[in-house]
1. Going through Val259, Val230, Val235 one at a time, which residue ends up being of a type in the set (Val, Ile, Thr) and part of a helix (DSSP H, G or I)?
2. Just one of (1) within 10 Å of the ligand (Cβ to nearest atom); (2) of a type outside the set (Lys, Arg); (3) assigned by TED's automatic domain parsing to the domain that holds Gly320 trips up Ala187, so point out which.
3. Going residue by residue through segment 252-264, is there one that turns out to be within 30 Å of Arg161 (Cβ to Cβ) and touching a residue at least 40 places away in the same chain (Cβ under 8 Å)?
4. Please work out if Ile178 is open to solvent by less than 20 Å² (accessible area, probe 1.4 Å), free of Cβ contacts under 8 Å to residues at least 60 places away in the same chain and assigned to a loop (DSSP other than H, G, I, E, B).
5. Quick one: in segment 262-283, of everything that is exposed (fewer than 14 other Cβ atoms within 10 Å of the Cβ) and not in a helix (DSSP H, G or I), which residue is nearest to the ligand (Cβ to nearest atom)?
6. Counting just the residues of segment 197-237 that are open to solvent by 90 Å² or more (accessible area, probe 1.4 Å) and aliphatic (A, V, I, L, M), which one comes out nearest to Ala187 (Cα to Cα)?
7. Go through (1) of a type in the set (A, V, I, L, M, F, W, C); (2) within 13 Å of the ligand (Cβ to nearest atom); (3) outside the structural domain of Cys275 (by TED's automatic domain parsing) and name the single condition Met114 misses.
8. Please name all residue pairs, on different chains or six or more residues apart, with Cβ atoms under 8 Å, provided the first residue is in segment 203-214 and is farther than 14 Å from Asn300 by Cα and the second residue is in a strand (DSSP E or B) and aliphatic (A, V, I, L, M).
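The values are calculated or read from the model by the stated rules, or taken from the named source; none is laboratory data. Values in this document were obtained by computation on a predicted structure and should not be read as measured data. Note that we place each Cβ from the backbone using ideal geometry, even for glycine, and neighbour counts take in every protein chain shown. Ligands, DNA and RNA are excluded from the accessible area calculation, which covers all protein heavy atoms including side chains. Shrake-Rupley method; radii C 1.70, N 1.55, O 1.52, S 1.80 Å.
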Amino acid sequence: MTAIATLGSHCALQVLKGAKDEGIKTILVCEKKREKLYKRFPFIDELILVDSFVEVLDQKCQQTLEQNDSVLIPHGTLIAQMSSEQIESIKTPIFGNKWILRWEADREKKEQLMREANLPMPRPVLNPNEISNLVIVKRQGAAGGKGYFMATSEEDYNTKRNELILQGIISKDESLYIQEYAAGVLAYLQFFYSPLKEELEFFGADQRHESDIEGLARIPSEQQLKNKKVPSFNVIGNSPLVLRESLLDEVYTMGDNFVEAAKKRVAPGMNGPFCIEGVYDENAKFTSFEFSARIVAGTNIYMDGSPYYSLLYNEPMSMGKRIAREIKNAKEANQLDKITT
Ligand code: ATP
């Protein structure tokens, strides 16, 4: 008997609902403060209550997961709250490739892999004194856009950085990553690669809604200028995006290239769900500023199936259910080791 387990946050609901739909036992590692929330959902079979998610590393938690022959589905919360070393030390089999999560968390490694995949990227700016155009300044890891800011010069950079340090949002010794700002339509491209079928599937696209940068468009520029607060890119939610069909071919090529690059750089490759994140400019040219090497929360908008999956599957298929299907197929074929690390 295999169980599917995940941490109670991010996309846990669709992951566990998808598992249940596939007839697999579901386990949620749940912070005590969220017990009431998750108990509302009947498809969660078992809660492992913890004070904090790092307890997933403890013997007690791992034992329960092992007894249930669990596969752990990693998502953004795991990456945000644990170091790469901690994630790699988890004994429970992790769906996909846990080694590639380090490449997502480390900006330098991330850039290397994106370059290998031939993804067009915004130019990195190595030193604040080299800022000449509009740039975006980011923190390390998956910070979800919190504490990010834009700057147009070194002076502007220092003023905003100092302000965020004063507010306690970033720390003084934190190394920040500067990148040219790419203007256009944001698109987060969601994929699934099956090592069982050796096939890439395009699941869908979404847009993120980020506060309070997005709200600025509703405020006249005179008032914007009077407001001295540094706007942030904190994700609040996601909404669906359907691309022009003429863009799809390039989308698949980018996905294929990424899978190939991951195979070369970080064995066993980019197995399972992943996302390439970027911007389409006025000429429909895509620039990618980021990837996520695991399920993204943007897939939550398609809990009943995405437009593109309705073309591939004759049944409602969420990303959570797709993951569970892969686990079920692997289990039946005695190939769980092919889809977990
Ligand atoms: P995640 O939660 O996906 O791991 P993250 O903390 O790694 O996020 P990014 O996805 O790189 O951060 O950036 C957060 C947001 O900042 C993006 O959703 C986008 O709105 C904006 N952004 C990032 N880089 C750029 C860029 N080069 N040009 C324009 N906007 C950008």
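1. When all the criteria are applied, what remains is Val259.
2. Of (1) within 10 Å of the ligand (Cβ to nearest atom); (2) of a type outside the set (Lys, Arg); (3) assigned by TED's automatic domain parsing to the domain that holds Gly320, only one is false for Ala187: (1).
3. At the first step, the residues of segment 252-264 found to be within 30 Å of Arg161 (Cβ to Cβ) are none.
No; the residues of segment 252-264 include none that is within 30 Å of Arg161 (Cβ to Cβ) and touching a residue at least 40 places away in the same chain (Cβ under 8 Å).
4. Numbers: open to solvent by less than 20 Å² (accessible area, probe 1.4 Å): yes; free of Cβ contacts under 8 Å to residues at least 60 places away in the same chain: yes; assigned to a loop (DSSP other than H, G, I, E, B): no.
When the stated conditions are applied, Ile178 does not pass them.
5. Kept after step one, since they are exposed (fewer than 14 other Cβ atoms within 10 Å of the Cβ), are these residues of segment 262-283: 264, 267, 281-283.
From what is left, the residues that are not in a helix (DSSP H, G or I) are 267, 281-283.
Numbers: Ala267: 23, Asp281: 11, Glu282: 14, Asn283: 16 Å.
Out of the qualifying residues, it is Asp281.
6. The residue in question is Ile236.
7. Tallying (1) of a type in the set (A, V, I, L, M, F, W, C); (2) within 13 Å of the ligand (Cβ to nearest atom); (3) outside the structural domain of Cys275 (by TED's automatic domain parsing), Met114 fails exactly one: (3).
8. Glu210/Val235; Glu210/Ile236; Ser211/Ile236
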